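As structure tokens, the structure follows; a few thoughts come after it.
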Amino acid sequence: MKVFYASGYYADIGEGHVFPIRKFERAAALLIAEGTLKLDEIIAPQPAALADLYLVHNEDYVTRLRAGALTEREIRRLGLPWSKSLVRRSMLAASGTINAARRAVECGFASNLAGGTHHAFADRGEGFCVFNDVAIATRVLQRDGIVSRVAVVDCDVHQGNGTATIFAGDERVFTFSMHGAKNYPLFKAKSTLDIELPDRTNDADYLSILEENLPRVFAHNPDIVFYLGGADPYMHDKLGRLALTIEGLRARDTLVLHYAKQRGIPIVTTMSGGYATNISDTVEIHCNTIRAVKEEFEKQ
């Protein structure tokens, strides 16, 4: 197994910020300490190349972001304070997903201990998302002739509005978003398939709905699947509104991974959102995704 992670996934956004940016390093540390990951299974990516970013994002946006020249309105919409370290972490995280995708094509699976930043649009960042890493990785692999057809399985509690908009009208990319109906963003984009869930949806209902709809996603016959294993459908998530348990979220991960493995389709996992009252719960949910990958793909 290869997991992409760098200490540069951290940026100083203020300790009181609702986005738990320490979760990346804490997840990596826990997975290493418990023996789930060996040090030689973790690869530190280099920042994404500008040419790769430009496959998705407007050059004007990228240039002004890197120069610290975003407007106050753009910063408010992004929801994160600008800094050089924020730009670097965003470029590193995008690269992590690109590299995980390349690795998945080679051996069937790989993970990025970040990514899933699905609220980023071509011309702007939103909702704590600077660059749309899954969109960038998709376009890089398509450009290089590695894949053609792609599926995005987005199980973050918030709709992947940026991803849906970027791929609108592209029949090669199937975007599936299963999210809270009454949650952010207020105005939803149109994915290939959107499933909106009522508040307090529980494990059993969630898993049943997911299993019912996954065949529609895989009927697209993708060459690769990007899985956004958001931790925020959790019952104690501050921004979630759903009622899944940690065990239910682990079952969700296993379900998606098993679908891909059964069909021989490479899969990439990314972390996406998670804002539990106790950050340790968010870290545990994200770690469970990596544990599930290990169990599903390394078992005989």
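Computed from the coordinates by the stated procedures, all read-outs in this text should not be read as laboratory data. Fair warning: this is a prediction, and the values are worked out from it, not measured in the lab. Cβ sites come from the backbone with ideal geometry, for glycine too, and all protein chains shown count toward neighbours.
Roughly speaking, what is the stretch gain from Asn202 to His236, that is 0.36 nm per residue apart minus the C-alpha to C-alpha distance, in nm to one decimal?
11.0 nm
So how strong a dipole does region 1-156 carry about its Cα centre when Lys and Arg Cβ are +1 and Asp and Glu Cβ are -1, to the nearest 20 debye?
120
Can you figure out the FRET efficiency of Val105 with Arg73, using R₀ = 41 Å and their beta-carbon distance, to the nearest 0.05?
0.55
What nm distance separates the two modelled labels at Asn221 and Thr63, each placed 7 Å from Cα along Cα→Cβ?
4.2
Whose amide H sits under 5 Å from the amide H of Phe4, counting only residues 5 or more places off or on another chain, with H placed in the peptide plane?
Residues meeting the amide H criterion: Ile43, Ser111, Asn112, Leu113.
Filter the cross-link list Lys84/Lys238; Lys23/Lys84; Lys238/Lys294; Lys23/Lys294; Lys38/Lys261; Lys261/Lys299 down to pairs whose alpha-carbon distance in this structure exceeds 18 Å.
Lys84/Lys238; Lys23/Lys84; Lys238/Lys294; Lys23/Lys294; Lys38/Lys261
Set the Förster distance to 22 Å, then compute FRET efficiency between Ile279 and Leu39 from the Cβ-Cβ distance, nearest 0.05.
Using R0 = 22 Å, I get an efficiency of 0.40.
Please compute the length gained on full extension between Glu295 and Ala122, using 0.36 nm multiplied by the number of residues separating them and subtracting their Cα-Cα distance.
58.7 nm
Which cross-chain or sequence-distant (5 or more) residues have an amide H under 5 Å from the amide H of Leu197, H modelled 1.01 Å from N in plane?
His179, Gly180, Ala181
Could you point to the residue in Ala181, Gly169, Gly116 farthest towards the positive end of region 102-199's charge dipole, with +1 and -1 charges on the Cβ of Lys/Arg and Asp/Glu respectively?
Value computed over the given set: Gly169.
May I ask you to derive the FRET efficiency for Arg143 and Gln46 from their Cβ-Cβ distance with R0 = 22 Å, giving the value to the nearest 0.05?
Details: r = 18 Å, r/R0 = 0.83.
Computed FRET efficiency for Arg143 and Gln46: 0.75.
Run the dipole for the chain about the Cα centre, Lys and Arg Cβ at +1, Asp and Glu Cβ at -1, nothing else charged, and hand back the magnitude in debye, nearest 20. It would help to have the intermediate numbers written out before the result.
Details: 34 positive and 37 negative charges, 96 e Å.
With Lys and Arg at +1 and Asp and Glu at -1, about 460 debye.
Would you compute, from DSSP H runs of 4+ residues alone, the mean residue ellipticity of the chain at 222 nm, taking -39500 (n - 2.57) per run and dividing by the full residue count, rounded to the nearest 500?
-13000 deg cm²/dmol
Could you sort the peptides 288-295, 144-151 by per-residue average Cβ neighbour count (10 Å cutoff), highest mean leading?
Taking the mean over residues of other Cβ atoms within 10 Å, the ranking is 288-295, 144-151.
DSSP loop GluC sites (Glu not before Pro) in region 131-238 with at most 11 other Cβ atoms within 10 Å of their Cβ, which ones? Intermediate values should be presented prior to the final figure.
Details: sites: Glu171, Glu196, Glu211, Glu212; in loops: Glu171.
Sites meeting the loop and neighbour criteria: Glu171.
Quick check: Cα centre of region 107-167 to Cα centre of region 215-281, how many Å?
So the separation of the two Cα centres works out to 14 Å.
Pairs of alpha-carbon atoms within less than 8 angstrom and 6+ residues apart define the contacts here; what relative contact order does the chain have, in percent?
Worked out over the chain, it gives 19 percent.
Subtracting the Cα-Cα distance from 0.36 nm times the residue separation, let me have the gained length for Thr245 to Glu212 in nm, one decimal.
So the extension gain works out to 9.9 nm.
Within the chain, which complete DSSP H helices have Cα atoms spanning at least 18 Å along the helix axis and a mean Kyte-Doolittle hydropathy of -0.5 or higher?
Qualifying helices, which must be both long enough and hydrophobic enough, are 84-107, 203-218, 246-262, 279-298.
Please report the relative contact order for region 55-155, taking Cα pairs under 8 Å with a sequence separation of at least 6, and give it as a percent rounded to a whole number.
31
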